[in-house]
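The values are calculated or read from the model by the stated rules, or taken from the named source; none is laboratory data. Quick caveat: nothing in here was measured; it's all calculated off a predicted structure. Ideal geometry is used to build each Cβ from the backbone, glycine not excepted, and the neighbour counts take in all protein chains shown.
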Amino acid sequence: MNNKEVVAILGGGAAGFFGAIACAEANPRLQVYLIEKTGKLLSKVRISGGGRCNVTHAADTPAQLIQHYPRGAKQLKEPFKQFGAVDTVRWFERRGVRLKTEADGRMFPVTDSSETIAQSLLMAADKAGVRILTHTTAERITTLPTGGFRLHLTGTHAQELEVARLLIATGGAPKAAQYDWLRALGHTIAEPVPSLFTFNVPESPLRELPGVSVPHARVRIAGEKLEYEGPILVTHWGVSGPAVLKLSAWGARRLHELEHRHTALVSWLPTHTEDSLRQWLLEFRGQHGKKQVTSNPLFGLPQRLWRTLTEQAGIGPEVKWNELPAKQQNRLIESLLRTALPVQGKTTYKDEFVTCGGVVLGEVDMKTMQSRRVPGLYFAGEVLDIDGITGGFNFQAAWTTGYLAGRAMADVPTG
């Protein structure tokens, strides 16, 4: 078998598997190698969604999908036309895996088990004839004068492997130095910084409320044009929940510049302005003046949260609404609309590390995922400067870019 009949994929994650399967299925005459440096295949697939695997998000059009990518939205529009969320659902259904849609649009296998997705990918790769090499690292990659690459493999399957085309699907990395080997191949790297993280608030006024959640709040970064609405969760270390995680994604670069030290302002009543809230309370006081403030939560807020906010406003447990001084009501309004949380750092969300950064998209043909600088070199997944918010969007980008890369790689001459 000459080198023109061999292609390789580096990385045994979602994008790598999808690329390998797409390539092998499109051109059975190729020998497709999938090379993974660890012994763990599809590790993110297995831990995603609390072990259920949030495969994708219910979105009928590319325009709907791209709204959820802080980086890469514009460049993903055409790729999503070729292979979008609907195509992902069909891909898995053709392989016997049905997906279901939850109220918030996230899509999971009906089994609620990520192993269902992992096994379907492993079986599809096996059926297509993909050769999987685990505990194997491409220590060096050199370009061949006649085209293609020589991979100097170390580990369990140590060898020199000549391939016609190469797909890089090694995922995101937290340190810029971890991309040096891609720079050596001629590519520019957008500095990697964390995305999708929670806020550490050591001096939180809410520190006695871990586990309290509010389904609709607004989180804003003081002094910045960064805010997001959605569910928020109070934790032992600070705040989390979709509103915080999604804000961290949209603000990833700016929050990195601030060294993750800033003030987050939480509005527990995002549908209210200060004027509308003041008017609402005026009417409430007129009708329910004899009710105690602290022991009767308003706006559907959790009892523990309401009690904390009223205590911080200096309102005693026996104070009734018709006795509430204007000064204390003003403090309560401030807490309801702008609870200040002094953020001092971040915490990675679960075990799902997502980076903002990677291979600059202008150097990649987004129709084929081929490098514009190195013929025969392809990219897919989080190694690219693409990242989405939570909800299945990072997996969708992996499926799409992997599929397009794999199909393009399948056009290798076989003479």
- Can you pull out the residues in region 195-218 that are out of contact with any Gly (no Cβ under 8 Å at 6 or more places or on another chain), surrounded by 15 or more Cβ atoms within 10 Å (Cβ to Cβ) and either under 23 Å from GLY72 (Cβ atoms) or not hydrophobic (A, V, I, L, M, F, W, C) (or both)? SER195, LEU196, PHE197, PRO205, ARG207, ARG218
- Query: Which ones in region 187-212 are within 21 Å of the chain's Cα centre (by Cα) and either assigned to a loop (DSSP other than H, G, I, E, B) or not charged (D, E, K, R) (or both)?
  - Reply: ILE189, ALA190, PRO192, VAL193, PRO194, SER195, LEU196, PHE197, THR198, PHE199, ASN200
- Query: Consider SER276 against the criteria (1) part of a helix (DSSP H, G or I); (2) among the polar types (S, T, N, Q); (3) under 30 Å from THR355 (Cβ atoms): it satisfies all of them except one. Which criterion is unmet?
  - Reply: (3)
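One line per residue, one yes/no per condition, for (1) outside any helix (DSSP H, G or I); (2) surrounded by 24 or more Cβ atoms within 10 Å (Cβ to Cβ); (3) among the hydrophobic types (A, V, I, L, M, F, W, C):
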position: ALA15; (1), (2), (3): no, yes, yes
position: ILE21; (1), (2), (3): no, yes, yes
position: GLU25; (1), (2), (3): no, no, no
position: LYS37; (1), (2), (3): yes, no, no
position: ARG46; (1), (2), (3): no, no, no
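Listed here are the residues, each with its yes/no results for (1) surrounded by 14 or more Cβ atoms within 10 Å (Cβ to Cβ); (2) of a type outside the set (Val, Ile, Thr).
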residue: LEU99; (1), (2): yes, yes
residue: THR111; (1), (2): yes, no
residue: THR116; (1), (2): yes, no
residue: ALA128; (1), (2): yes, yes
residue: LEU133; (1), (2): yes, yes
residue: THR137; (1), (2): yes, no
residue: PRO145; (1), (2): no, yes
residue: LEU151; (1), (2): yes, yes
- Total residues in region 60-102, condition under 16 Å from ALA398 (Cα atoms) and part of a loop (DSSP other than H, G, I, E, B): 5
- Query: Would it be correct to say that GLY286 is of a type in the set (Gly, Ala, Ser), assigned to a helix (DSSP H, G or I) and either assigned by TED's automatic domain parsing to the domain that holds PRO210 or surrounded by fewer than 17 Cβ atoms within 10 Å (Cβ to Cβ) (or both)?
  - Reply: yes
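Take the residues in region 52-76 that are polar (S, T, N, Q) and either outside the structural domain of PHE393 (by TED's automatic domain parsing) or under 19 Å from PHE18 (Cα atoms) (or both), then tell me which one is surrounded by the fewest Cβ atoms within 10 Å (Cβ to Cβ).
Applying the first criterion (polar (S, T, N, Q)) to region 52-76 yields 54, 56, 61, 64, 67, 75.
Still in the running and either outside the structural domain of PHE393 (by TED's automatic domain parsing) or under 19 Å from PHE18 (Cα atoms) (or both): 54, 56.
On the way: ASN54: 24, THR56: 31.
Only one residue fits best here, namely ASN54.
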- When you look at GLN119, is it among the polar types (S, T, N, Q), without any contact (Cβ under 8 Å) to a residue 60 or more places away in the chain and assigned to a helix (DSSP H, G or I), yes or no? yes
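Find the residue count for region 365-396, including only residues that are within 16 Å of GLY11 (Cβ to Cβ), more than 10 Å from the chain's Cα centre (by Cα) and either among the aliphatic types (A, V, I, L, M) or in a loop (DSSP other than H, G, I, E, B) (or both).
From region 365-396, those within 16 Å of GLY11 (Cβ to Cβ) are 369, 371, 377-384, 386, 394-395; that's our starting set.
Filter once more, keeping what is more than 10 Å from the chain's Cα centre (by Cα): 369, 371, 377-381, 383-384.
Checking which are either among the aliphatic types (A, V, I, L, M) or in a loop (DSSP other than H, G, I, E, B) (or both) leaves us with 369, 377, 380, 383-384.
Looking only at that region, the number is 5.
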- State all residues of region 237-292 that are hydroxyl-bearing (Ser, Thr, Tyr) and farther than 23 Å from ARG207 by Cβ; if no residue qualifies, say none. THR271, THR273, SER276
